[in-house]
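The values are calculated or read from the model by the stated rules, or taken from the named source; none is laboratory data. Just so it is clear, the structure is predicted and the values come from calculations on it, not from any experiment. Neighbour counts run over all protein chains shown; Cβ positions are idealised from the backbone, glycine included.
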Amino acid sequence: MEHAGERAVRLRAGAAVEAREVGAAVPAVAARFLGEQRLVVIGAADGDGAVWASPLTGPPGFVATDGERTIVVDRLPGAGDPLAGRFGAEHDIGLLAIDPATRRRMRANGRARRTADRLVIDTDQVYANCLKYLQTRYPQGAPSAPTARAARRTGSLSAAQRRRVAAADTFFIASTAPDLGADAAHRGGNPGFVTVTGARHLSWPDYAGNAMFSTLGNLELDGRCGLLFVDWEHGHTLQLTGRARVDWDADRAATTPGAQRFVDFEVEQVVDVTAGLGMRWSFGGYSRFNPPPPS
């Protein structure tokens, strides 16, 4: 069911279609999909309340189901990741499973805890997403254990990091809502769809999606969120946490093809991890749904 933030966003967006109901159980087709994946992104808050999006990678089978409402991930956030050590006790989590080769993805939200070296998630919501704005990428080589060489923490983006963000065609966003859980989602477009306006400020257009407004609904109630940018070829990751605000100015949206509204993000912390992923992907092609970037 929709929460108050999602309903408020739906009304403001003028979306007449009711949101689809989502179930708590993992359907058999979703369980098979999970078992094939090499990448999931999780979203959660750290001990200080900052929200982060973190990647977990492994060979097919490293994500599996255990019954209808439990997902087991045979990985934990590694050293240097801001969510490392977070799940010793149960916490809200959002999980996004994504297959860049086929552009398929699914989301599961619930509560997670660490059991030995695994992340065990009891699901409250499980649903598929549309294929829009997903770029095609193909896995290269066999997955391996992440071998992060360095994790650098700063309070703003360096010039090199700003260039990485501005060149991205994909990022992931984690959000939460008080007492309503966490969520992890995908955003994509042609390179340049994310605009960097300074060392601590960036923005992106919000395109038409599946009309569920999960991310925007959470941001309506709590602007804290986390972004994850992945260097697919080299395995580097760039994680940002801060606060986002949705700008509903129609004149601003009209300046960018496909934009329904804009999201402005203020950076509070940056974690830059070298070679933090155990997988690499080669680029295939851009989604045909991607609007052109701002001119």
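Remarks
- For region 67-90, the condition of being acidic (Asp, Glu) and closer than 27 Å to Ser287 by Cβ holds for none of the residues.
- Selection within region 37-49 - more than 12 Å from the chain's Cα centre (by Cα) and surrounded by 17 or more Cβ atoms within 10 Å (Cβ to Cβ): Gln37, Arg38, Ala45, Asp46
- Just one of the listed residues (His201, His236) is closer than 28 Å to Gly78 by Cα, in contact with a strand residue (DSSP E or B) (Cβ under 7 Å, 6 or more places away or on another chain), free of Cβ contacts under 8 Å to residues at least 60 places away in the same chain and surrounded by fewer than 21 Cβ atoms within 10 Å (Cβ to Cβ), and it is His236.
- Leading residue by the ranking (nearest to Gln125 (Cα to Cα)) among those in region 200-212 that are part of a strand (DSSP E or B) and touching a Lys or Arg at 6+ places or on another chain (Cβ under 9 Å): Asp206
- Evaluation of Ala44 against (1) in a loop (DSSP other than H, G, I, E, B); (2) within 22 Å of Val126 (Cβ to Cβ) (one fails), failing number: (1)
- Residue tally, condition surrounded by 23 or more Cβ atoms within 10 Å (Cβ to Cβ), of a type in the set (S, T, N, Q) and assigned to a loop (DSSP other than H, G, I, E, B), over region 134-175: 0
- Against the conditions (1) surrounded by fewer than 13 Cβ atoms within 10 Å (Cβ to Cβ); (2) within 30 Å of Asp249 (Cα to Cα); (3) touching a Gly at 6+ places or on another chain (Cβ under 8 Å), Leu11 satisfies every one except (3).
- Subset of region 248-261 [touching a residue at least 24 places away in the same chain (Cβ under 8 Å) and not hydrophobic (A, V, I, L, M, F, W, C)]: Thr255, Thr256, Pro257, Gly258, Gln260, Arg261
- One residue stands out in region 71-113 among those that are out of contact with any Phe, Trp or Tyr (no Cβ under 7 Å at 6 or more places or on another chain) and among the acidic types (Asp, Glu): the one that is surrounded by the fewest Cβ atoms within 10 Å (Cβ to Cβ), namely Glu90.
- Meets criteria (on the phi > 0 side of the Ramachandran plot and in contact with a Phe, Trp or Tyr (Cβ under 9 Å, 6 or more places away or on another chain)) for Gly258: yes
- Here Asn210, Asn218 are screened, and the one residue that is within 19 Å of the chain's Cα centre (by Cα) and surrounded by fewer than 20 Cβ atoms within 10 Å (Cβ to Cβ) is Asn210.
- The lone exception for Thr215 - which of (1) part of a strand (DSSP E or B); (2) touching an Asp or Glu at 6+ places or on another chain (Cβ under 7 Å) it fails: (1)
- Selection within region 176-187 - of a type in the set (A, V, I, L, M, F, W, C) and either at pLDDT 95 or above or surrounded by 23 or more Cβ atoms within 10 Å (Cβ to Cβ) (or both): Ala182, Ala184, Ala185
- Criterion (over 12 Å from Ile121 (Cβ atoms), acidic (Asp, Glu) and touching a helix residue (DSSP H, G or I) at 6+ places or on another chain (Cβ under 8 Å)) met by exactly one of Asp99, Asp81: Asp99
- Given (1) hydrophobic (A, V, I, L, M, F, W, C); (2) surrounded by fewer than 16 Cβ atoms within 10 Å (Cβ to Cβ); (3) closer than 30 Å to Gln37 by Cα, number of the condition Ala254 does not satisfy: (3)
- Per-region count, region 186-198, residues in contact (Cβ under 8 Å) with a residue 40 or more places away in the chain and touching a Lys or Arg at 6+ places or on another chain (Cβ under 7 Å): 1
- Some residue of region 176-192 being closer than 16 Å to Val270 by Cα and not in a loop (DSSP other than H, G, I, E, B): no
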